Amino acid sequence: DKGNHKHFMEKEIYEQPEVISRALGHYVDLIENRIDLEAVSIDFAKVQSLAISACGTAYLAGLIGKYWFERYARLPVEADVASEFRYRDIPLSPQSAALFISQSGETADTLASLRYCKDEGLQIGAVVNVRESTIARESDAVFPIMAGPEIGVASTKAFTCQLAVLAALAIGAGRARGTVSRQEEERLVRHLTEMPRIMSSVLNSIQPKMESLARELSKCRDVLYLGRGTSYPLAMEGALKLKEISYIHAEGYAAGELKHGPIALIDENMPVIVIAPHDRFFEKTVSNMQEVAARGGRIIFITDEKGAAASKLETMSTIVLPVVDEIIAPMIFSLPIQLLAYHTAVFMGTDVDQPRNLAKSVTVE
Ligand code: F6R
């Protein structure tokens with residue numbers, strides 16, 4: 001049932017505040033503002049490193065998770081797409097843990113990487129939506145994302161729920177390893193629990209702008225997305241979402257890679273979507289934006305109130321989100337990215353919920 005939405009994808013985008021709040025309820029002790037360590041059933045204190053493997057959008061969630069586990073838990077992380085991971089002959093230690101992220105829990109390559117790690121004696125954790133799935137069944141620890149059924153082929157709410165769960169796990173791992181103090185844990189958890197409310201207000205406020213911007217994007221052949229830090233995987237997710245449902249060619253790049261190649265593409269016909277909250281990378285990303293502007297590139301700037309005030313650059317459009325803590329920025333900044341892809345596809349008249357050539361669950365290699 002789509003309710004009063006035109007597509008499942010739209011419904012699932014708007015469901016995010018509700019499902020994330022439910023997912024967080026599973027990992028967070030709301031009275032103490034702490035992570036419920038019983039829900040984090042891997043003993044991260046004893047783990048030497050972490051391997052993350054997944055496909056598509058779930059892999060991009062895993063990449064953001066990598067930044068968090070490194071930063072908050074000081075845990076070395078190896079993250080790769082499952083189709084490479086399974087064949088790379090990665091030297092893995094039985095003192096490591098491995099996380100497999102999958103909405104369906106049935107993706108063939110992800111399952112094969114899981115089995116590889118199991119044979120190597122690693123502790124196996126699964127971040128899944130479908131709890132009865134094969135990946136969940138074959139894991140030592142299951143971390144449900146509780147997004148509810150996702151019908152739209154393009155993943156939206158599963159992505160942000162995966163992020164919420166990975167954030168909680170990374171903070172919990174940090175606490176277990178003594179790299180996140182009690183005070184810091186409470187601060188981070190408070191930001192996580194505020195997130196659903198912020199998501200609702202962002203969803204309510206940005207929709208008209210996303211629709212008018214989508215009208216512009218629907219005329220383009222190519223789009224480049226740029227970001228740094230956790231906004232880099234988010235740039236790749238933005239590009240993936242757009243190409244999947246609108247069939248517009250899009251690429252996501254680390255902003256710092258611009259001058260190593262993609263800058264050659266810049267002209268007035270290819271919009272450059274820059275994802276840049278006012279974080280510790282902001283100035284660097286703005287200087288990449290200047291390089292785009294200097295070559296006649298048109299910029300769609302997705303930033304926050306501080307970032308909008310700090311940048312003097314002329315843009316094709318600036319989307320201003322509230323200032324939020326770094327730990328929740330990827331989830332909040334996912335919203336304009338999802339809506340932009342969605343409305344662009346609607347303008348183009350594609351089959352949004354069932355894009356051509358794609359399947360919801362990829363059970364063959
Ligand atoms: C993107 C998308 C795919 C899936 C990928 C993994 O919108 O839906 O890239 O994320 O096929 O699927 P799961 O998460 O079921 O393993």
Inset, instruction - Using a Gaussian network model of the chain whose springs link C-alpha atoms within less than 10 Å, name the residue from C220, C117, C55 with the highest mean-square fluctuation. - result: C220
Inset, instruction - Return the sequence-ordered ³J(HN,Hα) values of segment 85-91 in whole Hz as given by the Karplus equation 6.51 cos²θ - 1.76 cosθ + 1.60 applied to θ = phi - 60°, using x for Gly and Pro. - result: 3, 5, 10, 7, 6, 6, x
Inset, instruction - Show that you can apply the helix-only estimate: for the chain, add -39,500 (n - 2.57) for every DSSP H stretch of four or more residues, divide by all residues, and state [θ] at 222 nm to the nearest 500. - result: -15000 deg cm²/dmol
Inset, instruction - Among S205, S155, S21, determine the one that fluctuates most according to a GNM of the chain built with springs between C-alpha atoms less than 10 Å apart. - result: S205
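Rounded to a whole number, what % of the accessible area of the chain do carbon and sulfur atoms account for, probe 1.4 Å?
Working: 6860 of 14590 Å².
That share works out to 47 percent.
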Legend entry - Rounded D (µm²/s) - the chain, Kirkwood Rh over Cα pairs, Stokes-Einstein at 37 °C, 0.692 mPa s: 160
Legend entry - Percent of C-alpha pairs per 10 Å bin, segment 109-185, short to long: 18, 39, 33, 11, 0
Legend entry - Overall dimensions of segment 231-280 as given by Cα atoms, namely Rg and Dmax in Å: 11.4, 34
Legend entry - Student exercise, segment 279-327 dipole from Lys, Arg, Asp, Glu Cβ charges, in Debye to nearest 20: 260
Inset, instruction - Can you give me the span-like helices of the chain, meaning DSSP H runs with 20 Å or more of Cα extent along the axis and Kyte-Doolittle mean at or above 0.0? - result: 56-73, 157-177, 231-246, 329-348
Legend entry - Most positive-pole-ward Cα, H343, Q354, C220, against dipole of the chain from beta carbon charges: C220
Legend entry - Mean shadow area of segment 207-365, taken as a quarter of the surface of its Cα convex hull (nm²): 9.7
Inset, instruction - Equivalent ellipsoid semi-axes for segment 143-284, as square roots of 5 times the alpha carbon gyration tensor eigenvalues: give them largest first, rounded to whole Å. - result: 31, 20, 15
Inset, instruction - Would you compute the Debye intensity of segment 113-153 from its alpha-carbon atoms alone, equal scatterers and no solvent, and pass along log10 I(q)/I(0) at q = 0.29, 0.31 Å⁻¹ to two decimals? - result: -0.97, -1.04
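Please compute the contact order of the chain in relative form: average sequence separation of alpha-carbon pairs under 8 Å and at least six residues apart, divided by the residue count, as a percent. Write out the running numbers ahead of the final one.
Numbers: 737 pairs, mean separation 70.4, N = 365.
Value for the chain: 19 percent.
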Inset, instruction - Work out which trypsin sites (Lys or Arg not before Pro) in the chain are exposed loop sites (DSSP not H, G, I, E or B, at most 15 other Cβ within 10 Å) and give the longest gap free of them. - result: 132-218
Inset, instruction - Determine, from the Cβ-Cβ distance of Y247 and K2 and an R0 of 22 Å, the FRET efficiency 1/(1 + (r/R0)^6), rounded to the nearest 0.05. - result: 0.45
Legend entry - Förster radius 35 Å - calculated FRET efficiency between D140 and R197 (Cβ-Cβ, nearest 0.05): 0.50
Inset, instruction - For segment 66-137, just the Cα atoms, rotate onto the principal axes and tell me the three extents in Å, largest first. - result: 32, 26, 19
Inset, instruction - Once you have the Cα-Cα distance between R190 and E305, take 0.36 nm times their residue separation minus that, and quote the gain in nm to one decimal. - result: 39.3 nm
Legend entry - Among S102, S212, S334: highest mean-square fluctuation, GNM of the chain, C-alpha pairs under 10 Å: S212
Legend entry - the chain - charge dipole about Cα centre, Lys and Arg +1 at Cβ, Asp and Glu -1, debye rounded to 20: 460
Legend entry - Cut-off 15 Å, label 7 Å out along Cα→Cβ of R115, residues of segment 130-147 by amide N: 134-139
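Please compute, over every Cα-Cα pair in segment 277-359, the percentage with a separation greater than 14 angstrom.
For segment 277-359, the share of Cα pairs beyond 14 Å comes to 69 percent.
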Inset, instruction - Evaluate the distance, in nm, between pseudo-label points positioned 7 Å from the Cα of R295 and of D29 along their respective Cα→Cβ axes. - result: 5.2
Inset, instruction - Per residue of segment 249-255, in order, report the coupling 6.51 cos²θ - 1.76 cosθ + 1.60 (Karplus, θ = phi - 60°) as ³J(HN,Hα) in whole Hz, putting x for Gly and Pro. - result: 5, 9, 9, x, 10, 5, 3
Inset, instruction - Give, in whole angstrom and from largest to smallest, the semi-axes √(5λ) of the equivalent ellipsoid of segment 160-219, with λ running over the eigenvalues of the Cα gyration tensor. - result: 35, 13, 8
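The values are calculated or read from the model by the stated rules, or taken from the named source; none is laboratory data. All values derive from a computational prediction rather than experimental measurement. Backbone-built Cβ (ideal geometry, glycine too); neighbour counts: all protein chains shown. The area values use the complete protein model at the heavy-atom level, side chains included, leaving out ligands, DNA and RNA. Shrake-Rupley method; radii C 1.70, N 1.55, O 1.52, S 1.80 Å.
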